[in-house]
Amino acid sequence: MNFIDTITDPSFLIAVFAAVSAAAVVFTFGSQFFDRNELKTRIKRVAVEREKMRAEEMSRLRGQASKQNETISLRGAQSKSMVKNTVESLSLRKAFLDDKTKMKLAQAGLRSSSDLTTYLFMRFATPIVLFIGSFIYLGFVVMTDRPMYMIFLYALTLGLAGSYLPAILLKNKIMKRKQSIKKAWPDTLDLMLLCVESGMSIEHAIQRVAIEMGEQSPELAEELSLTKAELSFLESRAKAYENLANRTDLDSVRSVATALIQADKYGTSVGQALRVMAEEGREERMMAAEKKAASLPPKMTVPLIVFFLPVLFIVIISPAIIKVMENGGIGF
């Protein structure tokens with residue numbers, strides 16, 4: 001009972017929350033001083049995907065029936081972990097995997113089989129862990145005097161809500177990735193246009209722009225590098241452009257991919273297509289900036305009324321009130 005009394009003590013809970021908050025603040029600010037080298041990690045990931053596509057292309061040319069052994073030989077023999085064993089033994093792929101899951105993981109930058117296995121395991125384990133944890137916490141800490149069935153219902157509700165947590169986290173990661181790509185895409189088109197008009201092929205232009213955009217948007221640099229690899233190894237160049245549009249899931253990228261597919265199909269000028277797309281991208285960025293500027297006055301109305309106008313009235317009326325009080329309330 002001493003342990004239960006300790007963890008239910010308000011002062012202990014306040015100390016724990018304060019410690020967690022302090023640790024979060026230190027981690028947030030301290031992580032900025034460490035070089036996480038995210039760009040090198042993404043480049044390594046693209047290299048793995050490039051080697052995978054090279055192995056698949058070699059398997060196709062040699063007429064081999066199975067491609068799985070080539071991929072495993074490139075990545076090395078991996079011992080089966082508990083997560084992978086759980087996914088395979090419980091057949092979680094049949095339960096949770098659908099056609100959109102792999103595409104969503106690709107849109108979030110998670111393309112390897114280990115990422116898919118981890119996601120499926122999280123969808124299975126998160127509700128169970130939340131249910132057990134909430135049941136223990138509610139039953140022995142918060143609701144010690146409540147009936148057991150009520151505690152079970154509350155814990156079950158939290159567990160069911162936790163089943164959506166992996167999907168929410170994945171959606172949040174996709175949104176952040178889209179924002180980064182969308183922000184850097186107009187500059188990417190301008191650089192790509194300059195490279196193509198200087199005499200580079202579209203493959204070398206994409207490779208060069210991926211290097212230049214690595215600091216501004218590592219996500220976009222990763223996608224461009226992967227597109228360059230697909231242009232080299234896939235049978236159809238149109239398929240590489242379509243994959244880029246599907247992975248980013250942005251209308252601006254999809255329109256450029258469609259223009260490049262048409263230019264490659266009908267033999268039209270790639271530079272002219274990129275010029276038109278670059279102009280549209282600049283116009284879209286300007287329209288977005290104008291829209292944000294136009295929405296600023298309505299957003300500022302409430303802060304002005306609540307914070308600025310009362311202070312302004314106090315500053316204007318205070319001298320008159322002080323003067324009246326000094327004269328005994330008679331007048332000026």
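The values are calculated or read from the model by the stated rules, or taken from the named source; none is laboratory data. Quick caveat, the model's predicted, so the values are computed rather than measured. All Cβ positions, glycine included, derive from the backbone under ideal geometry; neighbour counts span all protein chains shown.
Taking helices (runs of 4 or more DSSP H) as the structural unit, those lying wholly within the range 224-332 and holding at least 1 residues that are more than 21 Å from D187 (Cβ to Cβ) and basic (K, R) correspond to 237-248, 251-266, 296-303, 309-326. Restricting S269, S225 to residues that are under 20 Å from A106 (Cα atoms) and at pLDDT below 90 narrows the list to S225.
When residues in the range 123-149 are screened for being at pLDDT 85 or above and either under 30 Å from Q216 (Cβ atoms) or aliphatic (A, V, I, L, M) (or both), 6 of them pass. Within the range 127-141, identify whether any single residue is closer than 30 Å to K84 by Cβ, in contact with a helix residue (DSSP H, G or I) (Cβ under 8 Å, 6 or more places away or on another chain) and either among the small types (G, A, S) or in the same structural domain as R247 (by TED's automatic domain parsing) (or both), and answer yes or no. There is at least one residue in the range 127-141 that is closer than 30 Å to K84 by Cβ, in contact with a helix residue (DSSP H, G or I) (Cβ under 8 Å, 6 or more places away or on another chain) and either among the small types (G, A, S) or in the same structural domain as R247 (by TED's automatic domain parsing) (or both).
Quick check: anything in the range 162-184 surrounded by 15 or more Cβ atoms within 10 Å (Cβ to Cβ) and over 25 Å from the mean Cα position of the chain (by Cα)? Checked against the condition, which is being surrounded by 15 or more Cβ atoms within 10 Å (Cβ to Cβ) and over 25 Å from the mean Cα position of the chain (by Cα), the range 162-184 yields no hits at all. Between T117, T86, the distinction of being touching a Phe, Trp or Tyr at 6+ places or on another chain (Cβ under 7 Å), surrounded by 15 or more Cβ atoms within 10 Å (Cβ to Cβ) and hydroxyl-bearing (S, T, Y) belongs to T86 only. Criterion applied to A229, A245, A238, A263 was being under 21 Å from R285 (Cβ atoms) and either touching a helix residue (DSSP H, G or I) at 6+ places or on another chain (Cβ under 8 Å) or touching a residue at least 24 places away in the same chain (Cβ under 8 Å) (or both), and the one residue passing it is A245.
Answer yes or no: is there a residue in the range 172-182 that is assigned to a loop (DSSP other than H, G, I, E, B) and touching a residue at least 60 places away in the same chain (Cβ under 8 Å). Scanning the range 172-182 turns up no residue that is assigned to a loop (DSSP other than H, G, I, E, B) and touching a residue at least 60 places away in the same chain (Cβ under 8 Å).
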